[in-house]
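Asks: This is the structure I have questions about; it appears just below.
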Amino acid sequence: MVDMDSQVKSAPEVKESTRQRILDAATDVFSEKGYHGAAVDDIVRASQTSKGSFYFHFPSKQDIFFSLVDRFIVSLAMSAETAIAQESGALAKVNAALDTVFTTFSRHRNLAKILLVGGVGLGKVFDERLLAIHARFASLIKEHLDDAVIEGSIPPLNTEITAYAWLGAVNEVIVRWLYTGQPDPLEETLDTLRELLLRSIRANAER
């Protein structure tokens, strides 16, 4: 099959376009079949490319899976940091981050499923990657909780443990939604969850 885009795009543009098409197809395949149920042939068919194209961009099924995880996390982190930068005050920044996380997961359910559900059973390599992701976001939460303590918005507390406890709560709500579809939409949980999280640090839940 001749890609018509190749007639007007440069070689690097064609390669990148093909790579993105393969990634998009892999998102759907992994979301539908899970990591272990998905095959490279499934991704090739869904992307309407070839095995040669697949292996040119990705050495293995595991490699493209991790590429999807990394792409999603980078996008989520950038969105959260942009939202945080637009707010003043530590608690407002935390609220902005929560809003961004829930909105992003809601809009990109397939990618969320790959990150939080699809990697189950992949072993040490994925577990270590997931721990690093948790550490990245826990550090972000901790930073702004520390600022809230300094500015007197909340009383002194162990912000590191609190950050991981918050991550656990958010993870449970989103994973339940991924499995059951409830609540619909996901954002319906945000006000209640925000109130519970802010109460846990004895902060005013009103924004």
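Asks: With no solvent and one equal point scatterer placed on each C-alpha of the chain, evaluate the Debye formula and give log10 I(q)/I(0) for q = 0.15 Å⁻¹, two decimals.
Replies: For the requested q values the scattering log ratios are -0.97.
Asks: Enumerate the aspartates and glutamates that LYS113 could reach by cross-link, defined here as Cα to Cα under 15 Å, with residues fewer than 8 away along the same chain left out.
Replies: Correct list for LYS113: ASP24, ASP28, GLU32, ASP70, GLU172.
Asks: Compare ASP28, ASP146, ASP184 in a GNM of the chain, Cα atoms joined below 10 Å, and give the one with the largest fluctuation.
Replies: It is ASP184.
Asks: Which pairs, out of LYS15/LYS51; LYS33/LYS61; LYS93/LYS142; LYS33/LYS124, put more than 18 Å between their alpha-carbon atoms? Let's see the in-between values first.
Replies: Working: LYS15/LYS51 14 Å; LYS33/LYS61 13 Å; LYS93/LYS142 12 Å; LYS33/LYS124 21 Å.
Going by Cα-Cα distance, LYS33/LYS124 fall outside the 18 Å limit.
Asks: Among LEU140, TYR179, LEU157, whose Cα sits farthest toward the positive end of the charge dipole of the range 121-181 (+1 at Cβ of Lys/Arg, -1 at Cβ of Asp/Glu, about the Cα centre)?
Replies: TYR179
Asks: Same structure again: Strictly greater than 14 Å: what percent of every Cα pair in the range 140-207 meets that? Walk me through the intermediate numbers first.
Replies: On the way: 1401 of 2278 pairs.
Within the range 140-207, distances greater than 14 Å cover 62 percent of Cα pairs.
Asks: Using R₀ = 41 Å, calculate the FRET efficiency as 1/(1 + (r/R₀)^6) where r is the Cβ-Cβ separation of GLN182 and GLU151; round to 0.05. Numbers along the way, then the final one.
Replies: On the way: r = 37 Å, r/R0 = 0.90.
Once rounded, the FRET efficiency stands at 0.65.
Asks: Rounded, prolate or oblate: which one fits the range 78-142, using the alpha carbon gyration tensor with axes a ≥ b ≥ c (rounded when a/c is under 1.5, else prolate when a/b beats b/c, else oblate)? Mind showing how you got there, number by number?
Replies: Working: a/c = 3.60, a/b = 1.74, b/c = 2.07.
Judged from the Cα gyration tensor, the range 78-142 comes out oblate (a/c at least 1.5, b/c at or above a/b).
Asks: Using a simple spin-label model with points 7 Å from Cα along the Cα→Cβ vector, what separation in nm is obtained for ALA169 and SER50?
Replies: 5.4
Asks: Determine the dipole magnitude for the chain: charges of +1 sit on the beta-carbon of Lys and Arg, -1 on that of Asp and Glu, nothing else is charged, the reference point is the Cα centre, and the result goes in debye to the nearest 20.
Replies: Values: 22 positive and 28 negative charges, 103 e Å.
Computed about the Cα centre, the dipole is about 500 debye.
Every read-out reported here was derived from the displayed coordinates using simple, explicitly stated rules and does not represent laboratory data. None of the values given here were measured: they were computed from a predicted structure. With ideal geometry, Cβ positions are generated from the backbone for all residues, glycine too; neighbour counts draw on all protein chains shown.
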